[in-house]
Amino acid sequence: MSTNTKKRILTGVRPTGPLHLGHYVGALENWLKLQDEYECFFLISDYQALGDHLGETDRIRNSVIEVTLDWLSVGLNPEKCSFVIQSYVPEHAELFMLLSMFVPISLVDRNPTLKAEIIQQKKSDVSLGFYNYPVSQAADILLPQADLVPVGEDQLPHIELTREIVRKFNKVYGEVFKEPKALVGRVPRLIGTDGGAKASKSLNNCIYLSDSAEEVAKKVKSMYTDPTRIRATDPGHIEGNVVFSYLDAFDTETSELNKLKKEYQAGKVGDVAIKERLTKVLNNFLEPIRQKREYFKAHPEEVRSALLNGTARAKKIAEETMLRVREAMKIAHYEDLLNK
Ligand code: TRP
């Protein structure tokens with residue numbers, strides 16, 4: 001396991017469904033490298049999932065397991081990093097409540113990611129819990145005293161908020177926290193299979209890491225390409241073309257891909273050919289992940305110990321942090337007054 005000299009990382013995911021290719025390029029690919037260099041905590045934020053999935057306990061519970069399988073299947077190694085189930089560490093809730101005291105409502109009001117999510121999901125009756133999730137995320141980050149937070153670019157405002165909370169906390173109660181920094185992945189945002197700005201499970205426009213070869217082929221077939229192109233002999237456009245966006249993210253044969261792009265622009269290859277290539281590229285990429293998934297499905301005891309060991313490590317650090325926070329804020333500290 002890691003030594004204390006390593007810098008610490010925390011990042012997480014809401015367990016509301018299986019992970020998709022957008023998660024891979026925007027996050028997991030980055031995490032895989034980080035697990036060797038840093039002491040990593042990967043949080044499955046089941047509390048946070050309640051914010052917009054209230055009552056969907058089965059979905060959240062199943063997703064906790066699906067996400068864990070996805071993580072193990074892509075190669076996150078629970079011997080090197082800690083998988084954490086948020087609700088087994090109720091210190092998250094305590095710190096979240098305390099940190100919310102440091103945040104002016106106007107600051108949350110201006111959070112662009114939160115605003116976009118509320119519009120996208122057509123929420124008319126957003127719960128206070130959902131509205132407050134950026135603050136709960138600050139608690140997630142500060143509880144293990146993370147130095148770095150690898151996230152997709154849509155999460156950057158939440159990291160900024162965390163830094164503001166740290167400054168304010170330290171100013172009011174003395175130096176307890178340090179300001180974490182964000183780390184953004186290689187392809188920060190993968191567009192949806194429908195050409196939408198973002199691949200997202202709620203928009204139903206993504207390819208899952210657990211999709212079968214047939215499902216992948218079907219989804220690629222339905223992808224948008226170049227709407228201005230009527231015949232395969234018309235010159236094609238690369239920009240805004242969903243198939244090429246995915247090829248750019250996953251095709252490692254760059255020179256062949258560049259050749260294909262030139263041919264497409266010259267009207268020498270059609271949509272069928274580029275889609276066939278993408279299907280092959282994606283299935284080659286996903287096949288080893290599928291195989292590992294099968295392995296872990298057949299070894300539930302390994303999944304269980306990954307979750308429980310990681311959570312126990314996080315819980316210990318969370319308890320230490322909360323002792324410092326309560327001490328600094330002088331809460332749960334009345335013995336001196338009572339024992340006069
Ligand atoms: N909001 C993130 C997501 O939807 C998950 C998350 C929870 C997170 N807590 C976090 C990310 C703390 C970074 C840091 O995927």
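The values are calculated or read from the model by the stated rules, or taken from the named source; none is laboratory data. Quick caveat: nothing in here was measured; it's all calculated off a predicted structure. Cβ placement follows ideal geometry from the backbone for every residue including glycine, while neighbour counts extend to all protein chains displayed. Just the protein is used for accessible areas: all its heavy atoms, side chains included, with ligands, DNA and RNA removed. Shrake-Rupley method; radii C 1.70, N 1.55, O 1.52, S 1.80 Å.
Quick rundown of the values:
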item: Sole residue being in contact with a Lys or Arg (Cβ under 7 Å, 6 or more places away or on another chain) and either buried (at least 17 other Cβ atoms within 10 Å of the Cβ) or among the charged types (D, E, K, R) (or both), chosen from GLN137, GLN145, GLN155, GLN86; result: GLN145
item: Among residues of region 65-83, those that are open to solvent by 10 Å² or more (accessible area, probe 1.4 Å) and touching a strand residue (DSSP E or B) at 6+ places or on another chain (Cβ under 8 Å), counted; result: 1
item: In region 89-124, the residues that are acidic (Asp, Glu) and open to solvent by less than 50 Å² (accessible area, probe 1.4 Å); result: GLU91, GLU117
item: Check on VAL303, part of a helix (DSSP H, G or I), more than 28 Å from THR68 (Cβ to Cβ) and touching a residue at least 12 places away in the same chain (Cβ under 8 Å); result: no
item: Residues (touching a Phe, Trp or Tyr at 6+ places or on another chain (Cβ under 8 Å), more than 27 Å from GLN145 (Cβ to Cβ) and of a type outside the set (Asp, Glu)) located in region 285-340; result: PHE285, VAL303
item: Filter result (surrounded by 14 or more Cβ atoms within 10 Å (Cβ to Cβ) and within 18 Å of HIS23 (Cβ to Cβ)) within region 284-304; result: PHE285, LEU286, ILE289, ARG290, LYS292, ARG293, PHE296
item: Single unsatisfied condition, ALA217 versus (1) of a type in the set (Gly, Ala, Ser); (2) out of contact with any Lys or Arg (no Cβ under 6 Å at 6 or more places or on another chain); (3) crowded, with 21+ Cβ neighbours inside 10 Å; result: (3)
item: Given (1) open to solvent by 50 Å² or more (accessible area, probe 1.4 Å); (2) more than 30 Å from GLY267 (Cα to Cα); (3) of a type in the set (S, T, N, Q), number of the condition ASN170 does not satisfy; result: (1)
item: Tally, over region 32-47, of residues that are open to solvent by less than 20 Å² (accessible area, probe 1.4 Å) and in contact with a Gly (Cβ under 8 Å, 6 or more places away or on another chain); result: 5
